[in-house]
Amino acid sequence: MLDSRRLRVLCEVARHGSFSAAAEALGYTQPAVSRQIAALEAEVGAVLVRRVPQGAVLTDAGRDRESVV
């Protein structure tokens, strides 16, 4: 079963479009958000977030995971 806290972090990254903005919304540090996403990606065995110069976007796998929430 997927960790609901990590799924919430994924949703906030998707909503805000960046790890920094998601961290601020969640009251976390940016490195903590990055670690949570990395752990979730390891858990599901897929890249869920693509880091881009403007922030972050969900991959197809990330969008599929988001719809489960």
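The values are calculated or read from the model by the stated rules, or taken from the named source; none is laboratory data. All of these numbers come straight from a predicted model, not from anything done at the bench. As a convention, Cβ positions derive from the backbone with ideal geometry for all residues, glycine included, and neighbour counts pool all protein chains shown. For the accessible areas, the whole protein counts, side chains as well, though only heavy atoms, and no ligand, DNA or RNA atoms are used. Shrake-Rupley method; radii C 1.70, N 1.55, O 1.52, S 1.80 Å.
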Exercise for the section: Go through 31-38, 54-61 and give me the packing order, highest mean Cβ count within 10 Å leading. Expected result: 31-38, 54-61
Handout entry: Carbon and sulfur %, accessible surface of the stretch 1-67 computed with the full protein complex present, 1.4 Å
Key = 49
Fill in the blank from the handout: Spelling it out for THR59: with amide H atoms placed in the peptide plane at 1.01 Å from N, the residues 5 or more places away or on another chain with amide H under 5 Å from its amide H are VAL49, ARG50
Exercise for the section: In whole Å, largest first, what are the principal axis extents of the Cα atoms in the chain? Expected result: 26, 22, 18
Handout entry: Full-stretch length increase - ALA25, ASP64 - with 0.36 nm per residue and alpha-carbon distance subtracted
Key = 11.8 nm
Exercise for the section: State, as an integer percentage, the relative contact order of the stretch 1-54 based on alpha-carbon contacts under 8 Å between residues 6 or more apart. Expected result: 31
Fill in the blank from the handout: Here, ALA38 and ARG8, labelled 7 Å along Cα→Cβ, have an inter-label distance in nm of 2.2
Problem - For the chain: accessible area per residue (Å², 1.4 Å) - result: 60
